[in-house]
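These notes are about the structure you will find just below.
The values are calculated or read from the model by the stated rules, or taken from the named source; none is laboratory data. From a predicted model like this one, the values you see are computed outputs, not experimental measurements. Positions of Cβ are backbone-derived with ideal geometry, glycine not excepted, and every protein chain shown enters the neighbour counts.
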């Protein structure tokens, strides 16, 4: 019997019991759809994180006070910051030739007010270099002036959200607002796009770093953002920073330096693993669909005993009977998988249209994997019923009407 | 053509041995018309199944066209069934979802005959049995007699050497039964060996050779109204 004849015969069989075939097909389709949808979600998440990191600025090295490592010291000391990361520390990092710019960051919260409107917002103390490092954009006015970072100035730049709420349509530039009990003149307003990973600049007020240190009455910086001249120099810069701070901190390496690439690579790795894991869980549904196919075929075998007996009587060898049933199972599973791929891809496209900010991405290997898996699942799970059919006793099968 | 040499078929039912066929020796020539009769449980169906290679003897040798076939493997036996043996059953055993045409086409597909040739052979056999106008009907749209004719067409389409019929008229009214018998005897006159198992004495008497089985043994073998000596 040629494969064409077998397929034709199978289609006859499947068409005869439409509802059962369709239900089995749907089970396989749902499994495939789950695989495609979940992996494209995972891949989308990875792309999303990558984009967020890009907006953080390129060739970035981030210096944080404190160092996470296990020491023999008593528990309370663990993870504490022995020395502050000071503004002078930050400025000393400018010396290296691979360093393009340095932006110290001081971070806190304080109430701000204009006229009789007041609210608590995040205050970010930094320097003019922040503008380039974080690739910020202004809606109006200008950014913090490039002056000596150690100089306190009573100026500020508002996040777009705060500007809108505080000034409600009134011109903000040049106005004086109050942060705690100090007055600051508004120099500029950030563009509303200014939103990136970990920090919502939309709801933040930027002031010169020296002003913020005195505002919060502290010496300690929250972060130092260092931009290297090129990607290849990031590691150099990282080593230099460690060396430099160690010298300044009396031989203690009490900071944590991370490069953007390192973090990104870690994130990529984690999300890839998650995607793989989620995809794997989804493939379980393919296996379940395979079991359903086995069930349907077993019913089919016992319903078609006479037919199988007849096929054997008119000369179909056992392997022919086996291939008939395996083709039936594989046809069901591949059809279901096809439906699943089409509906999965359409669903991803629809979701992409509804949520344009999230980059859904169909993963090619997931489609290939789903196809292969449904093929093998169909094949494997039809083998038992097929074998059962081929071993049927012809005489008994034909003795009943 | 058929040579059975001391054939026994023993079934084990629980702890008891049942000798369905007990040391049978028999020769049937090409183109013979044989009826096998006997009471229920005498072993006639077992004999027919053995002849049709649906069953294997417990002891003895079965030679078909001088080839010992009972020791062949499953695949080779299947090939002999689809090339040389045609079956006609009491309950027709047509595949309900296939049309008459497709049912008759099935053995040709199994033999790997190409589609164009299949169509032509199926048409010609349906035509010769007078059911060409029913080709696209499914079994449930056919009368009993028509169904049996489709089943006979399915058996004949591969041009077998012998036709094994198990109560071919058992499920038909008198007139349809009569027509079916005419068709079978007509094929026999064209040289096809016809072996019919039946309870019906009228049908059994029509055969030129009549074998009577009792308790798994041949108790009578009459050819052309001449009693043959029983082989030992």
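Residue-wise test of (1) out of contact with any helix residue (DSSP H, G or I) (no Cβ under 9 Å at 6 or more places or on another chain); (2) buried (at least 16 other Cβ atoms within 10 Å of the Cβ); (3) modelled with pLDDT under 95; (4) away from every other protein chain (no Cβ under 14 Å).
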position: A:320; (1), (2), (3), (4): no, yes, yes, no
position: A:324; (1), (2), (3), (4): no, yes, yes, no
position: A:329; (1), (2), (3), (4): no, yes, yes, yes
position: A:349; (1), (2), (3), (4): yes, no, yes, yes
position: A:361; (1), (2), (3), (4): no, yes, yes, yes
position: A:375; (1), (2), (3), (4): no, no, yes, yes
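What residue, of A:370, A:313, is in contact with a strand residue (DSSP E or B) (Cβ under 7 Å, 6 or more places away or on another chain), over 16 Å from residue A:10 (Cα atoms) and crowded, with 22+ Cβ neighbours inside 10 Å?
Testing whether each residue is in contact with a strand residue (DSSP E or B) (Cβ under 7 Å, 6 or more places away or on another chain), over 16 Å from residue A:10 (Cα atoms) and crowded, with 22+ Cβ neighbours inside 10 Å leaves just A:313.
Can you give me the ranges of the helices (runs of 4 or more DSSP H) entirely in the stretch A:1-110 with at least 3 residues that are at pLDDT below 85 and away from every other protein chain (no Cβ under 14 Å)?
The qualifying helices (runs of 4 or more DSSP H) are A:18-55.
Within the stretch B:79-109, the set of residues being under 26 Å from residue A:14 (Cα atoms) and either in contact with a strand residue (DSSP E or B) (Cβ under 6 Å, 6 or more places away or on another chain) or facing chain A (nearest Cβ under 7 Å) (or both) comprises B:82, B:91, B:93, B:95, B:97, B:98, B:106, B:107, B:109. Which ones in the stretch B:162-176 are touching a residue at least 12 places away in the same chain (Cβ under 8 Å) and more than 13 Å from residue B:87 (Cβ to Cβ)? Within the stretch B:162-176, B:169, B:170, B:171, B:172, B:173, B:175, B:176 qualify. Entry remark, the stretch B:78-93: residues being without any contact (Cβ under 8 Å) to a residue 60 or more places away in the chain and surrounded by 21 or more Cβ atoms within 10 Å (Cβ to Cβ) number 3 in total. Candidates B:200, B:186, B:166, B:127: the one that is more than 21 Å from residue A:314 (Cα to Cα) and either within 14 Å of chain A (Cβ to nearest Cβ) or surrounded by 14 or more Cβ atoms within 10 Å (Cβ to Cβ) (or both) is B:200. Among the residues of the stretch B:137-145, not a single one is within 22 Å of residue A:398 (Cα to Cα), at the interface with chain A (Cβ under 9 Å from one of its Cβ atoms) and part of a loop (DSSP other than H, G, I, E, B). Inspect all residues belonging to the stretch B:38-52 and state whether any of them is away from every other protein chain (no Cβ under 14 Å), surrounded by 23 or more Cβ atoms within 10 Å (Cβ to Cβ) and in contact (Cβ under 8 Å) with a residue 12 or more places away in the chain. Within the stretch B:38-52, one or more residues are away from every other protein chain (no Cβ under 14 Å), surrounded by 23 or more Cβ atoms within 10 Å (Cβ to Cβ) and in contact (Cβ under 8 Å) with a residue 12 or more places away in the chain.
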